[in-house]
Structures are given as structure tokens and as C-alpha cells.
């Protein structure tokens, strides 16, 4: 029985006890029933009120406003595609950008759409006839790895893949194929500079050709590609760097088809550029980062969907919180990159803005803020050898960075303690089911201490947190020993 049902049931019996006749009881029940929606609204309004929350459309605008004019943006899922379509179709935001959903690009009707003009966006350069991509044709295209270390020009390889007379037979089935899984895409350095893809200062870093192996998200070479990946390769081959090409950061490694070394973060999307960055030492970042462009996007062009509204407050459901995780992570990446290029002033501005526009009151802190703690700790370090790129900060700025590092450090550390505390309150079978969460909590707190200690070894907070971490580990060990003795757990 629901709570409201139980209340009505109790009132009905109470009315009989008070001697009310049938009409009186009926009127009482009707009156109380009318109060139920009011009670539900009073108790649940704050959890369901969306009047001040515009995160969906604002985040979509942030994606679009991060892109160069006339861009092509590859997306993958619903949450990073539909809001962008709304912003373009309804509010007319950046209709020069063509949003291309990779999931839908597996269908012939969507490729048809991409080959037509839309608003200010010219047709996408997919150089395939309808017969070459219709459903049931080239749904799978094989990749024939070669022993040769060389790379094959992408346009030449596409001629083989699109030739119906050249196919590989396996039993009774024949498949179109690429004669390699290693492609090259030529680069005219003068052209890419003229188009603004790179600036004159970067001219010396421009490669003669993009060279890459088609791999999955784990870096393993693929044996075949799907129709959507074929269409992407056709676009790259025929675009001739004319239109800027971006991949949303949320599309995932499988969608990047091995091009990550040539990615440059400029906001919420990676831009494909003729510069080979290689593996980034930041585990949260692929390729490089254009700090000036992204700084302008973050500080001047992005909107925050009401997250920064502390006066009214907004309710952030699970989907919104996941989206904010991405925003926080990319802003932390920007701050880290600014520190690396010896620009601590702007790094501090980005970190401060991150906390201001995603306040804990509206968007609870999560472990994604660990890089923020580390960046603040580095900027606040008094040791110029440990933090050589923060020398230009004054004492007041260092003190502010230290206060925020300590605040976040304590908050994140406490979260992990609460996870362990909850696990220790459970019966043995539920405790063991939380083993991965417990291990992660310990790892997070250990890293928080180690990084903060590196920059501030003499801070008393280090010893305090070390003691608390030791207590967590001892409590877990005691509980595990007790349930082993009871036969609930084996090592």
C-alpha cells in the first residue's frame, strides 16, 4: 500500500470512529484526496522543477560555438546529437555546421540527407553513388592488412573499395575490400595555413601527410569497417581540408578509426589537424589542445544552463550530471595545458570559473574533479622547482589556489570514506558485491594524498588524511577477516 493510500485508509477508519455518517465520511475522503496532489507538489517540487534549467540547449550551443565556421561535426549518441539539432532547427544557432550522426550514417537514407544542402551547410563530400552505399551494399568493407610498412593514399584505396568488380570471395559470399588498413591523406601546408586550419607559427609542425592505421578504441587493428566508417573515409578523402572536421569528445575511441594522433581539442570536440601530436601525457586528453581557442570558447562563448544559479537552484538528474562531468573534465584539461605552456594566470581563471559555474550546491562534486585538485595544488606550491610554471602568481593567488585545493581535497576524500562506511554497514554478501567500489575509493584517496603531498609535503593536512586512510584500510581488513572466519569470503 502506498503512503497516500495508507493515509486515506487511516482517515476512513478514523471518521467511523468519530461517528461521522456515510456522507460525512465521503466528504472527508474527498477533501483529503484533494490535498494529496498538493502534498506531492510540496514535497517533490524541488526535485522536478525545470523552470531555471536550460542545460540541454546550452550544452548544445557550447558544442556548436566551439567549432570553426562551416564545420563538419561527427557525433554518435542521442544526447550529443538531438540537442544540437534542436539548437539549429528551432533557435537557428550555427546552421553553417553540419552535425553528422555516426550511428545513423550506417543507413542509406541518412547518407542521402548528408549529400544534400541544409541551411547554410553545403552537401558533405561523400563521393559515392547511391548504388555503392544502398542498404545491403557495403554494410561491411574488409580491410586487408599488408606486410608492407608503407601507407596507401586514401583516394586510391577507395577506388578499390568502391569497385564492384574487385571483391574478395569467402565461400559463396563476396565482400568489397580495402587493399590495406594503413592510409595516408596528403597535406598542402600552404593551403591549410591559408584556410586557417593552422597558423603561421605552426607551419613547421605541419606534416606532409596524415598516416594512420585503422584501429578500434583499444588500439587493435580492425579487420573490417562499417558503412558509416566508409562514408567518413570518403569525406576525408574528398574534403581536401576545405571544411573543418571535428569529432565530439563523447563519440568514443571506436569512432576515431585511429586518427587520434592528429586530434586537437578546441572545446567539446576534437578537430582533425595536419599536426601529429602523438600520445598525450594527460590520460584524460587525446592528441593536443589549442589553448587560445579553447580559452576563448570557455571564458566567452559557453553558457551554463542555470548550473551557476545559486539563487534559485536547479535539480540536475543523472543525464545532466553525466554531461557536466564532460564539461568539468575538458575545462580541467584546458587548465592543465595552460600550466604546461607557462600560463598560470589563465589556468587559475579557468579553474575558478569551473567551480563557479558548476557549484557543488547544484552539481555535486565527483572524482572527475581530481585533476582540478591537482592543478590547484600545483599552482599553490611555494616550491618553484616543483611548480616552475606558476612563478608569476602572487601570494594572494597562491593562497586562493591552496584554499580551493584543500576544500576539494577534503570533499572528495570524505566521499570515498562515506562509500567505505556504507559498505561496512552491509551484510557480508552485499559487502563483497561492493569490492570494486571499495578498491576504487581507496585508490582515489591514496592518489589524492600522494599528489597533494608532492606539492605540499609539510602541510599538516597530509598527516591527517594519511591517518584517515589507514583507518579505512584497517576497518576493511577487520571486516574481511570477520567474514572469512564466518565462511562468507575466500581469498
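Bear in mind these aren't lab numbers, they're just calculated from the coordinates by the rules spelled out. Note that the structure is a prediction, hence the values are computed from the model and not measured. Ideal geometry is used to build each Cβ from the backbone, glycine not excepted, and the neighbour counts take in all protein chains shown.
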- Task: Give the number of residues within region 381-396 that are farther than 12 Å from residue 339 by Cα and in contact with a helix residue (DSSP H, G or I) (Cβ under 6 Å, 6 or more places away or on another chain).
- Result: 2
- Message: Regarding region 175-182, can at least one residue be identified that is touching a strand residue (DSSP E or B) at 6+ places or on another chain (Cβ under 7 Å) and in a helix (DSSP H, G or I)?
- Response: no
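Considering each of 365, 376 in turn, give the residue that is under 30 Å from residue 53 (Cβ atoms) and not in a helix (DSSP H, G or I). Break it down into steps so the answer makes sense when it comes.
Values: 376 fails: not in a helix (DSSP H, G or I).
Matching residue, one of 365, 376: 365.
Checking the condition under 15 Å from the mean Cα position of the chain (by Cα), surrounded by 15 or more Cβ atoms within 10 Å (Cβ to Cβ) and farther than 18 Å from residue 244 by Cα, which residue from 59, 74 passes?
59
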